[in-house]
Amino acid sequence: MKKNGGNSEKNIWLGKQPEKIYEALLTEIRAGQLRPGARVPTEKELCGRFHVCRNTVRRALGQLTAEQWLVHRAGVGCMVASTPSITTAVRQSHRSDTVSFMYHGPRETIVWLQNLLLDRGYLLGLFSQREQGWDSRLEALFLRQVREQRHRALLASCTPAEPTNALLLADLSAAGVRVIHVEPYSSDTLPTESFIIPDYKRAGYAAAAALLLRGYDPILYVGDPKSPSPFHVLQERGFLEAQRELLGWSGERRLFKGATSERANFIGAQWLKQSSGRTLLRALRNRKPGFLCATQEFAVQLIKLLRQEGVAVPDEAGLVGPELISDQMPTETLAQVRFPRQELLERAVEHAIAEDYHEIRELVPPSLIVGATLAVLDSGKQRKTCSQK
């Protein structure tokens, strides 16, 4: 095992809870919160802080001591190493010409970004979360490599699954890596590091407003009530906020359970996978419902059910959903809330490679709702379709 910095071997044997304590203390040391010569909290204090047993704490402290971040003094306890060579070596080492990227989207975007960086004299480091899914452990291994190899920057979109890697991101920033969030996956609150991220809350608001302006009633959000994804949380939050401001509703989620549901605004996606989903949609047959679908998968399932029930899309039901990232669905079927993603990424790259780096904190609004898919409900039988900028 190497000294002076964690590697993948350590993660294999140290264990989940000792690893959490190890990363927390290492981040505090690198950030200067625990200065050279300072006493580390006692084993008892750390047990109380992390809600673990002494053996777990000892494993974490033992690893930090083995890597020479800490020294043990009889009668005093663990102290932060007084020699600054360890931290200084990390901070002052040559920064590589690599910009790392964490992404879920299509391969075309990855190729485009790679070419963009190559044209500017930089390499692309990639962690494909689309292939791996939300895997906190693998993500942590990747982030440690970014830190140890001193990549110039990280375009981040981290897992919301527990345990999150927020401490590692803070450690990256402390080590001099420029961390710029480009997706709000890790939290439904604003990141502590720089960000240029899509404003999904505004997208949800815009979708609800578009459906209301076209006369759809009721308007319903189709999603997973237990979804941990901040993307969905923010989108639903904007959707409910529009109902509160434009309809005077409470702004609270109310599950749709049938024809007697009053002021319902949320359909659990699990209904779409069951026979009861058809019963649910029959309750809306004589109305003009509008839907915001949280994902393409939910939109595909909903459209299938609507067609089985003889409901015309878009003439008798309006649908809005996330921008398409594959060929699952023709664009004329689903109106899309779009963001200027390539422009967003290009701006993030320019900040990442700039000589003078300045923090950026920007929410990017959706550019427009596109597609001739939302019916304008006129009086009588006359209807027409339109798009809204």
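The values are calculated or read from the model by the stated rules, or taken from the named source; none is laboratory data. What you see is a predicted model, and the numbers here were worked out from it, not measured in a lab. Don't worry about glycine lacking a Cβ; one is built from the backbone with ideal geometry, like all the others, and counts go over all protein chains shown.
The conditions of being crowded, with 17+ Cβ neighbours inside 10 Å and among the polar types (S, T, N, Q) are met by Gln296. Test Arg253 against the stated conditions and say whether it is at pLDDT 80 or above, surrounded by fewer than 19 Cβ atoms within 10 Å (Cβ to Cβ) and touching a helix residue (DSSP H, G or I) at 6+ places or on another chain (Cβ under 7 Å). Taking the combined requirement at face value, the residue satisfies it. Under the condition of being within 19 Å of the chain's Cα centre (by Cα), at pLDDT 80 or above and farther than 25 Å from Arg347 by Cα, the residues counted in segment 123-162 number 6.
Thr42 - would you say it is of a type in the set (Val, Ile, Thr), farther than 15 Å from Leu141 by Cβ and at pLDDT 90 or above? Spell out the reasoning first.
Numbers: of a type in the set (Val, Ile, Thr): yes; farther than 15 Å from Leu141 by Cβ: yes; at pLDDT 90 or above: yes.
In short, yes.
Scanning segment 78-94 for residues that are modelled with pLDDT of 60 or more and crowded, with 16+ Cβ neighbours inside 10 Å yields Cys78, Met79, Val80, Ala81. For segment 204-219, the count of residues that are β-branched (Val, Ile, Thr), under 19 Å from the mean Cα position of the chain (by Cα), at pLDDT 90 or above and part of a strand (DSSP E or B) is zero. Among the residues of segment 120-128, none qualifies, meaning not one is within 30 Å of Lys226 (Cα to Cα), of a type in the set (S, T, N, Q) and part of a loop (DSSP other than H, G, I, E, B). Are any residues in segment 58-81 in contact with a Lys or Arg (Cβ under 8 Å, 6 or more places away or on another chain), closer than 21 Å to Arg30 by Cα and assigned to a loop (DSSP other than H, G, I, E, B), and if so, which ones? Matches in segment 58-81: Glu67, Gln68.
If the Cβ limit is 6 Å and pairs must be 6+ apart or interchain, which residue in segment 55-70 that is under 16 Å from Glu148 (Cβ atoms) and of a type in the set (Val, Ile, Thr) pairs with which residue that is modelled with pLDDT of 85 or more and crowded, with 16+ Cβ neighbours inside 10 Å? Within 6 Å, no pair qualifies. Checked against (1) more than 12 Å from the chain's Cα centre (by Cα); (2) not in a helix (DSSP H, G or I), Pro228 passes all but a single condition, namely (1).
Considering only segment 261-360, give the helices (runs of 4 or more DSSP H) lying wholly within it that have at least 2 residues that are at pLDDT 85 or above and not basic (Lys, Arg). Let's see the steps before the verdict.
On the way: elements: 276-282, 296-308, 341-353.
Counting at least 2 such residues, we get 296-308, 341-353.
Taking segment 178-192, which residues are within 22 Å of Leu345 (Cβ to Cβ) and either of a type in the set (S, T, N, Q) or touching a residue at least 40 places away in the same chain (Cβ under 8 Å) (or both)? Result: Arg178, Ile180, Val182, Glu183, Pro184, Tyr185, Ser186, Ser187, Asp188, Leu190, Thr192. Hey, among the residues in segment 35-57 that are assigned to a helix (DSSP H, G or I) and surrounded by 16 or more Cβ atoms within 10 Å (Cβ to Cβ), which one's nearest to the chain's Cα centre (by Cα)? Checking each candidate, the answer is Phe50.
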